[in-house]
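A quick write-up on the structure given underneath.
The values are calculated or read from the model by the stated rules, or taken from the named source; none is laboratory data. Remember, predicted model here, so these are calculated numbers, not experimental data. When we count neighbours, we look across all protein chains shown, and the Cβ atoms used for this are built from the backbone with ideal geometry, even at glycine.
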Amino acid sequence: MEQRTTELWHQFSDGLRRFIINKVKDEALADDLLQETFIRIHSKIDNLRDEAKVQSWVFQIARNIINDHYRKNNPISDDEVPDVIDDEAESGEAMAETIRDMVLFMEDLPKQDCEALCQVEFAGISIKDYADQAGISYTAAKSRVARARYKLSDLLMNCCHYEFDKYGTVIGYHPIHCCCCNQHAKYKDR
């Protein structure tokens, strides 16, 4: 169990920290909430039923920790809670579907752009480390990652209309062009 928690730390800690900072806008608080998140992950790791959903599970725990923080530190009624506390099932489903679509659309990106996004966004390595691995300058790596993000965003936005909360979390979506959604339907059924 401890080894699995360590693996999850190496895999997700950087991305979770960025996610938490984006929600709470305070680095010291984010570090505290990240630590609390991994304490909860460690205590509940035996409850993880589907390894394929580990990323969603980890980020949902972080969302719950953030929600708990706001509830504990802001004694207000539930209808006054900030937008960061969203309907977990609906928001989680929309975000999971968006992530699936994003991964499917990555196949349409040039190989080097796809590799840059996989390394920086999913593997959580820094752009500097990616530049070293790819044998390119830091500036070229930043440009490649930014270009890949833009291209992927463009592919997603041309396919579906996404609704975001004020923190940038996907809270809903609907198709714009059925043809581009159908292009990837064969992958979604897998």
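Looking only at segment 9-29, how many residues end up being of a type in the set (Asp, Glu) and in a helix (DSSP H, G or I)?
The number of residues fulfilling the criteria is 2.
Return only the number of the condition from (1) surrounded by 13 or more Cβ atoms within 10 Å (Cβ to Cβ); (2) at pLDDT below 85; (3) aliphatic (A, V, I, L, M); (4) more than 16 Å from the chain's Cα centre (by Cα) that Ala134 does not satisfy.
All conditions pass for Ala134, except number (2).
Conditions: (1) of a type in the set (Lys, Arg); (2) modelled with pLDDT under 75; (3) farther than 20 Å from Gly15 by Cα. Lys166 meets all but one. Number of the miss?
The one condition Lys166 does not meet is (3).
Does Thr6 meet the test of being polar (S, T, N, Q), part of a helix (DSSP H, G or I) and over 19 Å from Ile125 (Cα atoms)?
no
Considering every residue within segment 52-65, establish whether at least one is of a type in the set (Lys, Arg), more than 15 Å from the chain's Cα centre (by Cα), surrounded by fewer than 14 Cβ atoms within 10 Å (Cβ to Cβ) and modelled with pLDDT under 85.
Scanning segment 52-65 turns up no residue that is of a type in the set (Lys, Arg), more than 15 Å from the chain's Cα centre (by Cα), surrounded by fewer than 14 Cβ atoms within 10 Å (Cβ to Cβ) and modelled with pLDDT under 85.
Which condition breaks for Asp83 when tested against (1) modelled with pLDDT of 75 or more; (2) out of contact with any Gly (no Cβ under 9 Å at 6 or more places or on another chain)?
Exception for Asp83: condition (1).
Hey, can you tell me all the residues within segment 1-34 that are among the basic types (Lys, Arg) and either surrounded by 16 or more Cβ atoms within 10 Å (Cβ to Cβ) or within 15 Å of the chain's Cα centre (by Cα) (or both)?
Of everything in segment 1-34, those that are among the basic types (Lys, Arg) and either surrounded by 16 or more Cβ atoms within 10 Å (Cβ to Cβ) or within 15 Å of the chain's Cα centre (by Cα) (or both) turn out to be Arg17, Arg18, Lys23.
Tell me which of these Ile136 doesn't satisfy, since it passes every other one: (1) in a helix (DSSP H, G or I); (2) of a type outside the set (Asp, Glu); (3) over 20 Å from Arg18 (Cα atoms).
Result: Ile136 passes all but (1).
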